[in-house]
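Structure first, then comments.
The values are calculated or read from the model by the stated rules, or taken from the named source; none is laboratory data. Every value quoted in this text rests on a predicted model; they were computed, and no experiment measured them. Note: ideal-geometry Cβ built from the backbone for every residue, glycine included; neighbour counts use all protein chains shown. In case anyone asks, the SASA skips ligands and DNA or RNA and just uses the protein heavy atoms, side chains included. Shrake-Rupley method; radii C 1.70, N 1.55, O 1.52, S 1.80 Å.
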Amino acid sequence: MQIHPKKIILLGIIALFTFTGCASDKAQAPTAVKPVTEKAEKVFKGKIAGKSNKAKSISIVVGKGDKAKTVMLKFDDSTKGLEFAKKGSAAIIKYDIKDGEKFATIIKPKLAKLPAGVTEIKTEELRGLYENHADMTVIDARPASRYAQARLPGAISIPVPEMKMGKETVLPANKEQLLVFYCGGPT
Amino acid sequence: MSTTNAGLAKKLGYKNVRVYLEGEPAWSKAGYPTYTSKGYIDTGNIVLIDIRASHKAVEGRIKRAVSIPYDDLEDRIDDIPRNSPVILYSDDQEEATDAVDDLRSDGFKHVALVPGNYAGWVSAGGAIETGPIASTEIRWQRILGKGEVSVADFKKATDGGDPNVFVIDSRTKEEVAELGIFKNTTNIPLDEITSRMNELPKDKKIYVHCSTGARADMAYQELKKNGFDVKFLLLNIEEAECDCEILRP
């Protein structure tokens, strides 16, 4: 299929703005501009806004902030990875155009990438640290409004934009102390 | 998000940085308590419940709290709107976490505690009220989300009282054939919405409904993107709240 170069660039731009949830935004950014030189692959990355088995449709939110928009795709039994099209989950959907409509071919979960030297902690281990009164600081990285509604015990709030602007002054002076960051989860 | 912050912390020289990727939803789901902030308790659209014995609530309670002693909570649970955020406090942490557990297992999704319970609130300088409790009625109204139509406006349209509205039923033809359709409503299944946009009036408001709101939301997004003045109904249409007249097949 012949694709207009403008469309390819647009796809690249869409891919650039598709980072939501806990997923790392650095890991995928460099690949987002590549499609210009490679064979363009039709793909959406973002948060699943809904899935209807009755209508055989999936909607996914791509883009960030004001640029966010919802895209609807069809699927059928030949679509792979339908189990990853769960409302609220971050996913990568490859698609084709069939009869003028977007048709999902492969759905994959969008996994968060951990920065070098950072490890994951699971619920039970974290619970154990609380029970043992471990010397740690728990930091909520979500927007302040979400933090206000429900947060983990004793957590402090440093939304990502504030961390980028240097609000880390509220972090402990002792750089050996355990820091646990969390947000709204992958789902 | 949390990974971005963790990366920045690492750069700042913190040696021991970890990320709880599953995040707050997993914490709540595992049955562990979450806590809320003073500002949200003061002004949020919440149901705030004092689960201490009523005589304690008479002596002093958080402003705008409803008194439902823990022993009565089970009996009153159906008085609490299912989709409301519920904030609880006690003077006994174990009782408070038990109550969180009870509500969550009953299907409440947003339940959190006042940090430090009543004593914590008082020492943080929070507003209280004292004296007899006039009413333990729960008054809570959901604030309509982006793109939502109120049930009242929707009902007016299906009743024929609003000629400037075009109502779409986005369920499948099979569902409509089996269950019937609201008056003054056109059935356009969600998967046909893109190909049938030419049937829709550009000069009218469009309301979309389905059985629960999920498909209507998707249709809403699609129509909005295409420049229509559209809203959707986020409601299980089998609920009593929507007593719109149905044309049976």
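Restricting to the range A:159-187, count the residues that are among the β-branched types (Val, Ile, Thr) and modelled with pLDDT of 95 or more. Break it down into steps so the answer makes sense when it comes.
Keep residues of the range A:159-187 that are among the β-branched types (Val, Ile, Thr), which gives A:160, A:169-170, A:180, A:187.
With the extra rule that they be modelled with pLDDT of 95 or more, the set shrinks to A:180.
Total satisfying the criteria: 1.
Only helices (runs of 4 or more DSSP H) wholly contained in the range B:1-65 count here; list those with 1 or more residues that are among the β-branched types (Val, Ile, Thr), under 28 Å from residue B:92 (Cβ atoms) and in contact (Cβ under 8 Å) with a residue 24 or more places away in the chain.
On the way: elements: B:2-11, B:23-29, B:38-43, B:54-59.
Those helices (runs of 4 or more DSSP H) span B:38-43, B:54-59.
Any chance the range B:106-119 includes a residue that's more than 18 Å from residue B:51 (Cβ to Cβ) and open to solvent by less than 80 Å² (accessible area, probe 1.4 Å)?
Kept after step one, since they are more than 18 Å from residue B:51 (Cβ to Cβ), are these residues of the range B:106-119: B:107, B:109.
This time we only want the ones that are open to solvent by less than 80 Å² (accessible area, probe 1.4 Å), so: B:107.
Within the range B:106-119, one or more residues are more than 18 Å from residue B:51 (Cβ to Cβ) and open to solvent by less than 80 Å² (accessible area, probe 1.4 Å).
Considering only the range B:213-238, how many residues are of a type in the set (S, T, N, Q) and within 20 Å of residue A:73 (Cα to Cα)? Steps first, answer last, please.
Step one: filter the range B:213-238 for residues of a type in the set (S, T, N, Q), giving B:221, B:226, B:236.
Narrowing further to those that are within 20 Å of residue A:73 (Cα to Cα): B:221, B:226.
Total meeting the criteria: 2.
Checking residue A:126 against (1) closer than 30 Å to residue B:41 by Cβ; (2) assigned to a strand (DSSP E or B); (3) at the interface with another protein chain (Cβ under 9 Å from one of its Cβ atoms): exactly one of these is not met. Which one?
Evaluating residue A:126 over (1) closer than 30 Å to residue B:41 by Cβ; (2) assigned to a strand (DSSP E or B); (3) at the interface with another protein chain (Cβ under 9 Å from one of its Cβ atoms) leaves (2) as the failure.
Before we move on, is residue A:145 at the interface with chain B (Cβ under 9 Å from one of its Cβ atoms), part of a helix (DSSP H, G or I) and modelled with pLDDT under 95? Step through it out loud before you land on a result.
Details: at the interface with chain B (Cβ under 9 Å from one of its Cβ atoms): yes; part of a helix (DSSP H, G or I): yes; modelled with pLDDT under 95: yes.
So residue A:145 fits the description; yes.
Among the residues of the range B:118-175, write down those that are farther than 30 Å from residue B:57 by Cα and of a type in the set (Ser, Thr, Tyr).
Of the residues in the range B:118-175, the ones farther than 30 Å from residue B:57 by Cα are B:144-175.
Across the range B:118-175, the qualifying residues are B:150, B:158, B:170, B:172.
Just one of A:107, A:93, A:158 is at the interface with chain B (Cβ under 9 Å from one of its Cβ atoms) and either open to solvent by less than 60 Å² (accessible area, probe 1.4 Å) or in contact with a Ser or Thr (Cβ under 8 Å, 6 or more places away or on another chain) (or both); which is it? Step through it out loud before you land on a result.
Working: A:107 fails: at the interface with chain B (Cβ under 9 Å from one of its Cβ atoms); A:93 fails: at the interface with chain B (Cβ under 9 Å from one of its Cβ atoms).
None of the other options fit; the residue is A:158.
Quick check on the range B:154-166. Is at least one of its residues closer than 21 Å to residue A:58 by Cβ and surrounded by 14 or more Cβ atoms within 10 Å (Cβ to Cβ)? Full working, then the answer.
The first filter runs over the range B:154-166 and keeps only residues closer than 21 Å to residue A:58 by Cβ, leaving none.
Looking through the range B:154-166, none of the residues is closer than 21 Å to residue A:58 by Cβ and surrounded by 14 or more Cβ atoms within 10 Å (Cβ to Cβ).
Here are some conditions: (1) surrounded by fewer than 20 Cβ atoms within 10 Å (Cβ to Cβ); (2) out of contact with any strand residue (DSSP E or B) (no Cβ under 7 Å at 6 or more places or on another chain); (3) farther than 27 Å from residue B:128 by Cα. Residue B:16 meets all but one. Which one does it not meet?
Of (1) surrounded by fewer than 20 Cβ atoms within 10 Å (Cβ to Cβ); (2) out of contact with any strand residue (DSSP E or B) (no Cβ under 7 Å at 6 or more places or on another chain); (3) farther than 27 Å from residue B:128 by Cα, only one is false for residue B:16: (2).
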